[in-house]
Amino acid sequence: MVVDDFKIIIKAKKVPVNINHEIIEYIQDTTIQNNHLQCEVFFQNTLIAQGIILDFYKEFEILQDFNQNHFTHIFTFEYNGREYQKYTYFGKKLYEMKYLKSPPIQQVTKESYIDEIISHFNGYIKYLKENYNDLKITFIPSSSQIPDEIATKLSAINSIPLKTIISKNTQVSSKSMTNLSTQQFNKYSIDLSQSNFNDTFILIDDVMGTTASICETMYKIYDFNKKVNFFFIPVKDVKR
């Protein structure tokens, strides 16, 4: 399993350009009726996973340079003499939940953010329940606890069993890595010993960055049940 085995297609009403990502192809689709990103993951040209991402992490526009080339520009603003990048509606909520530490956001605020994210995913899960049997919900563990909380609530609301099958290998870190080609596909261990080949998994993560986590986890689940599985993620980084 290497980088070249994977291809990810992301369709949205508005997409970045000239990102030069190793495996992502962005396709603008103006027929999409919302700001959500429709995502497909392929392994050696075989579809292994489909997902919904609510929006990009940061606000951006497409500019044209003096040679008529198009490029992606992330909006910024100045505050107290410093320049900050501007987050989208959901991006701001994810940033506050993940990175505000001194002080952190209040628990009641975090729960309201989680509930709003869940309200968007619930419609898609209703569709999956109507069309697929033996659904199971799982999540990629995060220090933010965001995927854990989303998965737990989605499981309870939709009466879909929650399976904690993914654990992070603490010896492997990708925090300092900026591109997919430098990452190893051994960041996560997946225990499917208590799962059934008929199970179809719905995986929850908090942010899609380089795509390494989704590629690794969705491939390992596909390798187990040999079927298309699904994922839900609140936001996607723009330039990774």
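The values are calculated or read from the model by the stated rules, or taken from the named source; none is laboratory data. These figures come from a predicted structure and were not determined experimentally. Glycine gets a Cβ as well: all are built from the backbone with ideal geometry, and neighbour counts include every protein chain shown. In case anyone asks, the SASA skips ligands and DNA or RNA and just uses the protein heavy atoms, side chains included. Shrake-Rupley method; radii C 1.70, N 1.55, O 1.52, S 1.80 Å.
Within region 135-177, the set of residues being exposed (fewer than 15 other Cβ atoms within 10 Å of the Cβ), more than 19 Å from M208 (Cα to Cα) and modelled with pLDDT of 95 or more comprises A156, I157, S159, P161, T164. Selection over region 122-164 of residues that are under 17 Å from Q50 (Cβ atoms) and among the hydroxyl-bearing types (S, T, Y) gives a count of 4.
Let's see how each residue does on (1) at pLDDT 95 or above; (2) surrounded by 10 or more Cβ atoms within 10 Å (Cβ to Cβ); (3) within 23 Å of N35 (Cα to Cα):
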{"residue": "N67", "(1), (2), (3)": "no, no, no"}
{"residue": "H70", "(1), (2), (3)": "no, yes, yes"}
{"residue": "E83", "(1), (2), (3)": "no, no, no"}
{"residue": "Y89", "(1), (2), (3)": "yes, yes, yes"}
{"residue": "K92", "(1), (2), (3)": "yes, yes, yes"}
{"residue": "M97", "(1), (2), (3)": "yes, yes, yes"}
{"residue": "I105", "(1), (2), (3)": "no, yes, no"}
{"residue": "Y113", "(1), (2), (3)": "yes, yes, yes"}
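Scanning region 41-100 for residues that are among the aliphatic types (A, V, I, L, M) and outside any strand (DSSP E or B), we see that the one that is farthest from I9 (Cα to Cα) is L100. Total residues in region 1-16 satisfying the condition of being assigned to a loop (DSSP other than H, G, I, E, B) and at pLDDT 95 or above: the figure is 4. Does any residue of region 181-200 turn out to be at pLDDT below 95, more than 20 Å from K136 (Cβ to Cβ), open to solvent by 10 Å² or more (accessible area, probe 1.4 Å) and not in a loop (DSSP other than H, G, I, E, B)? There is at least one residue in region 181-200 that is at pLDDT below 95, more than 20 Å from K136 (Cβ to Cβ), open to solvent by 10 Å² or more (accessible area, probe 1.4 Å) and not in a loop (DSSP other than H, G, I, E, B). Within region 145-164, being part of a helix (DSSP H, G or I) and either of a type in the set (V, I, T) or touching a Pro at 6+ places or on another chain (Cβ under 8 Å) (or both) holds for I146, P147, D148, I150, T152, S155, I157. The number of residues in region 29-40 being in contact with a strand residue (DSSP E or B) (Cβ under 7 Å, 6 or more places away or on another chain) and exposed (fewer than 15 other Cβ atoms within 10 Å of the Cβ) comes to 2. Of everything listed in (1) charged (D, E, K, R); (2) touching a residue at least 60 places away in the same chain (Cβ under 8 Å); (3) out of contact with any helix residue (DSSP H, G or I) (no Cβ under 6 Å at 6 or more places or on another chain), the single unmet condition for E22 is (3).
Return the only residue of Y84, Y132 being among the aromatic types (F, W, Y) and farther than 21 Å from E59 by Cα.
On the way: Y84 fails: farther than 21 Å from E59 by Cα.
The match here is Y132.
Selection over region 72-81 of residues that are of a type in the set (S, T, N, Q), more than 26 Å from Y113 (Cα to Cα) and either surrounded by fewer than 16 Cβ atoms within 10 Å (Cβ to Cβ) or at pLDDT below 90 (or both) gives a count of 1.
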